[in-house]
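K.L.:
For reference, the structure I am asking about is given below.
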Amino acid sequence: GGMAAALLPLPLLLLLAAGPGPGRADAGQERRDALREELTPLPTGDVAATFQFRTRWDADLQRGAVSHYRLFPKALGRLVAALGVRELHLALTQGFWRTRYWGQPPLQAPAGAELWVWFQPTVTDVDKAWKELSNILSGIFCASLNFIDLTNTVIPTASFKPLGLANGTDHHLLRYAVLPREVVCTENLTPWKKLLPCGSKAGLAVLLKAERLFHSSYHSQAVHIRPICRDASCLAMSWELRQTLTVVFDFFSSGQGKKDWSLFKMFSRTLTDTCPLASQSKVYVDISPKNKEKELLEVSPAPTSVYEAVVQGDKKTYAVYDLLNPSLFNTSRSLNVQLKWKRPQDSSEMPIPTLHAQRYVGGYGLQTGEICTLIYNTHPYRAFPVILLETVPWYLRLYVHTLTIITKGKENKPSYIHYQPAQDRRRPHLLEMLIQLPANSVTKITIQFERALLKWTEYPPDPNHGFYVGSSVLSALVPSVTAMKDMDVEQSPLFTSLFPSSDGSSYFVRLYTEPLLVNLPTPDFSMPYNVICLTCTVVAVCYGSFYNLLTRTFHVEEPSRGGLAKRLANVIRKFRGVPPL
Amino acid sequence: QVQLVVPMVVVFSPGSVPGDLPRPLPFRDVQEMEISVNLRTSVTSHYEMRYRSTTGQEEAALAAATAREADAALHPLQDTTMGSLTIYVVPETSSLLPQGITVYVGKHRSALVRAVGSLAALQARLREVTQVMSFTASSIVAALSDRVPNGELSPDARRNLKSSLGYEITFSLLNPDPKSHTVDWDIEGAVNRYVKPVLDKLSLVANFSVDSQILYYAVLGVTPRYDKESSSFLLSAHSLPHVINPVEARLGSSAASLYPVLNFLLYVPERSHSPLYIQDKDGAPVSTNAFHSPRWGGIMVYNVEVPASPQASLPLHVDVDMARVMEVFLAQLRLLFGLSREEVPPEFLLESPGNEGLADWELDHLLWAHTVENIATVSTTLTSLAQLLDKIGNIVIKDDVASEVYRAVASVQSAVTKLSLGHLHAAFQASKEAVTSSEKAFFDPSLLHLLYFPDDQKFAIYIPLFLPMAVPILLSLAKIVRETRLHKKEPTKMD
């Protein structure tokens, strides 16, 4: 494995990576695995760290009755082979990546659980395989993926293309679902760590300590499985498993206003050794100079090398720590990468990303409402198209005729629209649009909806919390300000190689907007019981008095010994020695 | 009532016919055996024996030099239906059988038996042979172990795997110390060479799938004890139960199928804990350095030879000797399927099954036990289903569930009939179908009893009605009681 680190002037980025190294020949199969981690400190004082672990398996999973696993986890391998999976992408996320303030994410995921899968053309019943797959994954990752059913599954036509090798892109083999309500915690992290060949016992994964990772502003863990070319000639296929984990720590508030950080401060661990199975293991720290003020930052210990690349349109410099380089552990037994600011930094702003978006619910009352999406293109002179995917649950009834797209005060006609209306209790709304974003513009997309009434058994627990509407997805090829060089995918760090870049002038970005929380008219669920109690009490009281009336026997009362006054008088008379009345 | 019928042919070669035959050859005879499982359940077995003398071809075959050659030559002349047995009685002085051996069991469904003087003695010997080759009382009881009262079951009976439609076999190589050892094993070749022939033979019984994995940093749950004398580490027998749990968490569940998993683990101990030996209850080292866990699988410890030069660079490359490992794992596999060859009387000689790994009669042995077990499982499943229906009166039985139940009952009946006709294979197939149908019916999601509103909760909802209504009734009852008492005391007060 290898590891590299880079620092930006304000945003610092630390990447730990194990990239592919020389493979070991083993029974005619060459297997390699790679790990990478990335840390980005953000201007607000946040530090983002991204781990990427890649396991490459030079074998055809789909063929052969007997399967023998070495580094690739058996549980996932069996799944891919048994259900005819071509590509699998699962992300479990807690929190929301604030693109506007944190910049373009290396790998964003929507809040909650996201699963999208391409199946092999040989799969006859895709829906059945999809159901089975989500059930099994929910068992493997201890997540409620078993709640994925027809009512939250869509078949996008344009937004999700295969990321690996693919012969055709017949979108009927694709399924996409998001569960925005899913809460991610330790029980999801443990099975994820167990898929790593070295577990959390050695290598970069020792830093993955649940109590630190979940004490953060954003946590996202993902699994990507896809077929890739074995070598440059692409005559044979390999399977790639990429496990990524992104976490954002808030250091400004917890570190007395200082933006310095170290591995130990973040993870309360340091790196002591490498995973002996890794062919590359590197830490990258983002040390890109901003405003030519390189001297502002200081990383220690000295990096083994420096790597420069254009990542998502920005020129970046990374300090690289190669954990497989024995000299790294010569001086001290453990590696604790530290970053210090030479003088206190005032609020220098992070550059606003070229593409970012916002979404919210408008309207008032419990009958109708409006979903508004704002998409920003901050590029000074280039326009570019973006694909917007909206999935809205059936209980929000969209009125498509109210769809308006307004850019700079004028109506913007999308060049492609795919709309699939919902069916009650059967499938959600799917709206996909290709929208041209003019340079330096804000595009506002609004659509009105009506809230449906649910049956009383269809409300989830705590219905007054509201109903989630999953994030909408923006996919775009964003024109780059700086020209990019073509890189050999196998040699470049992992964080640059998941999404293919078409050419040097633009880069692929996928963004997710905020999930929405919508209130539906909610009945008072205790009402039936209250009604029963009240009516029963009334009936019982009526019954009681009626019963009393019928069963009571009346006697003629003999005159008693007299009232209280008379008895009192008698007592007094007794004291006085006078005969009573 | 289940009746197991074993069709048998007893062939007398010239000079081996006992003197006290009741009738001249050929004739038929039936022997019975009663196997009682518990107070209410018992299984009867019938051995339908047909006695005859050899044909010319058989005589020629029996003239072979060794028992193995005779067995091979006799095979084409036999009835090869599953469950049937052919036993050749050879003269007492025959040189076919080695000295001191009275019974030779071949690779297929036949045995050679040395003649004894009287028919009664011969029949006693034949009974032993049939029990080895088809089923014993204990193997049937083990198959019905669910119905045996707890204390009465021998530990061996609990070892056998439950009958299932399929099994998953997983070979795992545990390397807790990848820094010091790079372990390579040619599992693919070993599976093809050693395991596949056995599983091909067993494919009649169930579906098998085989896979393997390598797990790193997987450690046993017990720290071994260091023994100064032998300068080695020891795992004592009583600590073995604690070994498996932490490893099992790493093995990964078989998420993609519902079949039971058989785990075979090869453990290469860490450098700081090697060599590692397993001790038996008496403290002696176990020769195979392996142990098995009932209904779960087996673990073998594979010690890495310490290199001669201590400066040898780490990691050490280790190539696993798969023949040695697979020998142990296959023996454990046989043990888990109840095919152990250890309980055979000493005067028996069993032909080694050779490449196939399993003799035909051993397969029959498995089929007998599994058929009986399947029938018992189906009857248990259907009984529980019936109990559930009795408990919840308003449960809805859908048509497809009903048809599965009918199918299960029909299949299990046909299995029982076929057993009593001696058609083992057909009976086994029918019992498998019965299991499938009954499980499908029992696990139908519509039969979840939580779907039905329990009566006590209905009552709880109406408590606000019942309670206030009960108050005046109870009060007036109390009043009546009080008045009657008063009435008795002072009868004179009434007019």
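K.L.:
Mind checking the full-extension length gain between B:Q57 and B:S203? Use 0.36 nm per residue of separation minus the Cα-Cα distance, one decimal, nm. Display every interim value, and only then the final one.
P.N.:
Values: separation 146, 0.36 × 146 = 52.56 nm, distance 3.29 nm.
In short, 49.3 nm is gained.
K.L.:
Given labels modelled 7 Å from the Cα in the Cβ direction, how far is it in nm from B:E483 to A:Y101?
P.N.:
With each label point 7 Å from Cα toward Cβ, the separation is 8.0 nm.
K.L.:
Which stretch or stretches of region A:148-192 have amide N atoms under 20 Å from the point lying 7 Å from A:A452's Cα along the Cα→Cβ direction?
P.N.:
Inside the label zone: A:148-156, A:176-181.
K.L.:
Here's a follow-up. Measure up A:K259/A:K408; A:K161/A:K410; A:K315/A:K342; A:K194/B:K281; A:K194/B:K432; A:K131/A:K209 against 29 Å on the Cα-Cα distance and list the ones that go over.
P.N.:
A:K259/A:K408; A:K161/A:K410; A:K194/B:K281; A:K194/B:K432; A:K131/A:K209
K.L.:
Averaging over every viewing direction, what projected area does the convex hull of the Cα atoms of region A:33-260 cover, in nm²? Mind showing how you got there, number by number?
P.N.:
Details: hull surface 53.8 nm².
Over all viewing directions, region A:33-260 projects a mean Cα-hull area of 13.4 nm².
K.L.:
Past the 39 angstrom mark, what percentage of all C-alpha to C-alpha distances in chain B do you count?
P.N.:
So the portion of pairs separated by more than 39 Å is 44 percent.
K.L.:
Please give the direction-averaged projected area of the C-alpha convex hull for region A:359-431, in square nanometres with one decimal.
P.N.:
6.0
K.L.:
Compute the distance from the alpha-carbon center of region A:502-581 to that of region A:124-194, in whole Å.
P.N.:
52
K.L.:
Something else now. Using r as the Cβ-Cβ distance of A:D149 and A:M527, and R0 as 35 Å, what FRET efficiency do you calculate, to the nearest 0.05?
P.N.:
0.75
K.L.:
Now for a separate question. Which FRET efficiency value, to the nearest 0.05, do you get for A:D60 and A:E187 by plugging their Cβ-Cβ distance into 1/(1 + (r/R0)^6) with R0 = 41 Å?
P.N.:
The pair A:D60/A:E187 has a calculated efficiency of 0.80.
K.L.:
To continue, here is another question. Treating cross-link reach as a plain straight distance, find the aspartates and glutamates whose alpha-carbon is under 17 Å from the alpha-carbon of A:K455, omitting any fewer than eight places away in the same chain.
P.N.:
Within the straight-line limit of under 17 Å, A:K455 reaches these aspartates and glutamates: A:D424, A:D524.
K.L.:
Take the Cβ-Cβ distance between B:H242 and A:E211 as r, set R0 to 25 Å, and report the resulting FRET efficiency rounded to the nearest 0.05.
P.N.:
The calculated FRET efficiency here is 0.35.
K.L.:
I need the P(r) histogram for region B:360-451: all alpha carbon pairs, bin width 5 Å from 0 out to the longest distance, whole percents.
P.N.:
3, 15, 23, 20, 14, 10, 7, 4, 2, 1, 0
K.L.:
So if I place +1 on the C-beta of Lys and Arg and -1 on the C-beta of Asp and Glu, and nothing else carries charge, what would the dipole magnitude of region A:137-213 be about its Cα centre? I want it in debye, nearest 20.
P.N.:
320
K.L.:
Here's something else I'd like to know. Between B:E305 and B:S352, what is 0.36 nm times their sequence separation minus the Cα-Cα distance? Round to one decimal in nm.
P.N.:
Values: separation 47, 0.36 × 47 = 16.92 nm, distance 3.18 nm.
The span from B:E305 to B:S352 would gain 13.7 nm if fully extended.
K.L.:
Could you give the length gained on full extension between B:D184 and B:D444, defined as 0.36 nm per residue of separation minus the Cα-Cα distance, in nm?
P.N.:
So the chain would gain 89.1 nm between B:D184 and B:D444.
K.L.:
Along the Cα-to-Cβ line of B:R158, 7 Å from the Cα, sits a label point; which residues in region B:263-296 have backbone N less than 14 Å from it?
P.N.:
Within reach of a label on B:R158, which here means backbone N under 14 Å from a point 7 Å along Cα→Cβ, region B:263-296 contributes B:293-296.
K.L.:
Can you put B:R295, A:R426 in order, fewest other beta carbons within 10 Å first?
P.N.:
Ranking B:R295, A:R426 by Cβ neighbours within 10 Å, fewest first, gives A:R426, B:R295.
K.L.:
Lys/Arg Cβ at +1, Asp/Glu Cβ at -1, dipole of the protein assembly as shown taken about the Cα centre: which of B:V325, B:L174, B:A415 is farthest positive-ward?
P.N.:
B:L174
K.L.:
Let me ask something else about it. Tell me, how many Å apart are the Cα centres for region B:380-414 and for region B:187-234?
P.N.:
Cα centroid to Cα centroid, the span is 41 Å.
K.L.:
As I understand it, the value is the acute angle between the Cα axis of helix B:322-336 and the longest principal axis of the Cα atoms of chain B; what does it come to in degrees, rounded to 10?
P.N.:
Its long axis makes an angle of about 50 degrees.
K.L.:
I've got another one for you. Cut-off 14 Å, label point 7 angstrom out along Cα-to-Cβ of A:T404: give me the residues of region A:362-379 whose amide nitrogen falls inside.
P.N.:
Answer for region A:362-379: A:362-363, A:370-373.
K.L.:
Which of B:L448, B:L25 has the fewest other C-beta atoms within 10 Å, and how do the rest follow up to the most?
P.N.:
Details: B:L448 10, B:L25 13.
Result, fewest neighbours first: B:L448, B:L25.
K.L.:
Relative to the longest principal Cα axis of chain B, at what angle does helix B:119-133 sit, 0 to 90 degrees, rounded to 10?
P.N.:
Helix B:119-133 and the main axis of chain B meet at about 70 degrees.
K.L.:
When only alpha-carbon atoms count, how far does region B:2-143 stretch along each of its three principal axes, as whole angstroms with the largest first?
P.N.:
Extents along the principal axes: 50, 32, 29 Å.
K.L.:
Moving on to the next point. Taking 8 Å as the Cα distance limit and 6 or more residues as the minimum spacing, I'd like the relative contact order of chain B as a percentage. Present the calculation step by step, with values, prior to reporting the outcome.
P.N.:
Values: 754 pairs, mean separation 78.8, N = 495.
Taking the mean separation of contacting Cα pairs over the length of chain B, I get 16 percent.
K.L.:
Relative contact order for region B:360-451: what is it in percent, counting Cα pairs under 8 Å that are at least 6 residues apart?
P.N.:
That works out to 41 percent.
K.L.:
Using the scaling law 2.2 N^0.38 Å as the reference, what is the normalised Cα Rg of the protein assembly as shown?
P.N.:
1.27
K.L.:
From Cα pairs below 8 angstrom and at least 6 apart in sequence, can you work out the relative contact order of region B:166-337, rounded to a whole percent?
P.N.:
Relative contact order, region B:166-337: 32 percent.
K.L.:
Can you list the lysines whose alpha carbon sits under 23 Å from that of A:K566, skipping same-chain ones fewer than 8 residues off?
P.N.:
A:K574
K.L.:
Still on this model: When B:I169, B:I187, A:I228 are ordered from fewest to most other Cβ atoms inside 10 Å of their Cβ, what list results?
P.N.:
A:I228, B:I169, B:I187
K.L.:
Right, something else. Just to check, using Stokes-Einstein with a Kirkwood Rh over alpha carbon pairs, what's the diffusion coefficient of region B:454-494 at 10 °C and 1.306 mPa s in µm²/s?
P.N.:
127
K.L.:
Sticking with the crude label model, points 7 Å out along Cα→Cβ, report the distance from A:F554 to A:T535 in nm, one decimal please.
P.N.:
For the pair A:F554/A:T535, the computed spacing is 3.5 nm.
K.L.:
Please check chain B for the longest run free of GluC sites (Glu not before Pro) that are loop-located per DSSP (anything but H, G, I, E, B) and have at most 14 other Cβ atoms within 10 Å.
P.N.:
B:348-495
The numbers here are math on the coordinates, done by the rules we state, and not lab data. In this text, all values refer to a predicted model and were calculated from it rather than measured experimentally. Because the Cβ atoms are built from the backbone with ideal geometry, glycine has one as well, and the counts that use them run over all protein chains shown.
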